[in-house]
1. Filter the stretch 143-198 for residues that are surrounded by fewer than 15 Cβ atoms within 10 Å (Cβ to Cβ) and polar (S, T, N, Q); which is farthest from Trp224 (Cα to Cα)?
2. Hey, among the residues in the stretch 122-142 that are in a loop (DSSP other than H, G, I, E, B) and free of Cβ contacts under 8 Å to residues at least 60 places away in the same chain, which one's surrounded by the most Cβ atoms within 10 Å (Cβ to Cβ)?
3. List pairs: first residue in the stretch 77-91 and assigned to a loop (DSSP other than H, G, I, E, B), second residue crowded, with 19+ Cβ neighbours inside 10 Å anywhere in the structure, Cβ distance under 6 angstrom, at least six positions apart or on different chains.
4. Give the number of residues within the stretch 176-227 that are under 19 Å from Asp113 (Cα atoms), small (Gly, Ala, Ser) and without any contact (Cβ under 8 Å) to a residue 40 or more places away in the chain.
5. What pairs come up if the first residue lies in the stretch 109-121 and is within 10 Å of Ile157 (Cα to Cα), the second is surrounded by fewer than 24 Cβ atoms within 10 Å (Cβ to Cβ) and aliphatic (A, V, I, L, M), and their beta carbons are under 8 Å apart, counting only those six or more places apart or on different chains?
6. Of all residues in the stretch 171-187 being of a type in the set (Asp, Glu) and assigned to a loop (DSSP other than H, G, I, E, B), which is nearest to Ile220 (Cα to Cα)?
7. In the stretch 1-32, which residues are at pLDDT 60 or above and in a loop (DSSP other than H, G, I, E, B)?
Amino acid sequence: MGIFSRITATLAGGAGRVGAAMTGLRDLLAGLAQSEERHAVTFTIAVIALSAKMAKADGIVTTSEVDAFCRIFEIPPGEETNVARVYNLAKRDVAGFEAYADDVKRLLVDEPDMLEAVLDGLFEIAKADGAVHERELDYLSRVAAAFGFDDLAFAHIRARHVIEEGADPFFVLNADASWDYERLRKHYRKLVAENHPDRLIAHGLPEEFIRIANDRLAAINTAWEQVERMHAKAS
């Protein structure tokens with residue numbers, strides 16, 4: 001059973017009930033403290049709910065946006081309906097994005113990699129139309145702040161997704177241009193190991209969201225290739 005099927009089955013069955021009747025995604029989040037699937041379910045609800053709030057900030061959540069979500073994250077056939085159900089819960093919820101962000105931070109407080117992956121997922125959705133717009137960037141920065149990321153940390157995440165002319169590859173790698181080549185290479189290899197898709201999956205990233213891990217690693221590799229070319233020219 002896919003992660004979306006498990007979430008909708010849990011909602012339908014009332015599992016994770018806290019006090020009164022299940023009202024939606026935030027109740028489900030509240031009941032995840034001891035769940036074995038806490039990371040995967042929290043991550044999935046976070047990306048869906050926060051992306052729905054991001055889309056709603058610019059208008060309404062449409063069927064095309066749900067379809068785009070399914071394409072971006074390679075949702076298995078048959079799971080699309082379950083994705084739409086969770087999206088609909090999120091867009092009907094009167095709670096603002098801050099409430100979801102606070103819940104997610106509480107549940108993933110010891111997993112900064114997963115919080116960063118949520119932001120990566122939101123960036124993937126924001127840039128699906130070819131650009132990350134100003135209102136989306138403002139929204140994403142506010143979510144990042146709610147997660148506990150400072151401005152510099154958010155800027156590093158942003159740099160992986162918003163590629164601007166003359167972008168600094170050292171900034172993407174969080175490295176210093178003054179480092180010698182050997183130190184840079186060791187730093188790059190450490191980044192590759194830390195951001196390998198297998199590692200993120202081991203920490204709870206659902207396999208349906210593997211694109212997040214692959215794209216993060218691709219951004220690191222692209223920045224490293226630029227650094228290597230710069231060093232080759234200088235030698």
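The values are calculated or read from the model by the stated rules, or taken from the named source; none is laboratory data. Bear in mind that the values here come from a model prediction, so they are computed numbers and not experimental data. Neighbour counts run over all protein chains shown; Cβ positions are idealised from the backbone, glycine included.
1. Ser178
2. Step by step, filter the stretch 122-142, then rank; the result is Val132.
3. Glu79/Phe4
4. Qualifying residue count for the region: 3.
5. Short answer, once both residue conditions are applied: Glu116/Ile157; Ala117/Ala213; Leu119/Leu140; Leu119/Ala144; Leu119/Ile157; Asp120/Ile157.
6. Among those that are of a type in the set (Asp, Glu) and assigned to a loop (DSSP other than H, G, I, E, B), it is Asp176.
7. Matches in the stretch 1-32: Met1, Gly2, Gly24, Gly31, Leu32.
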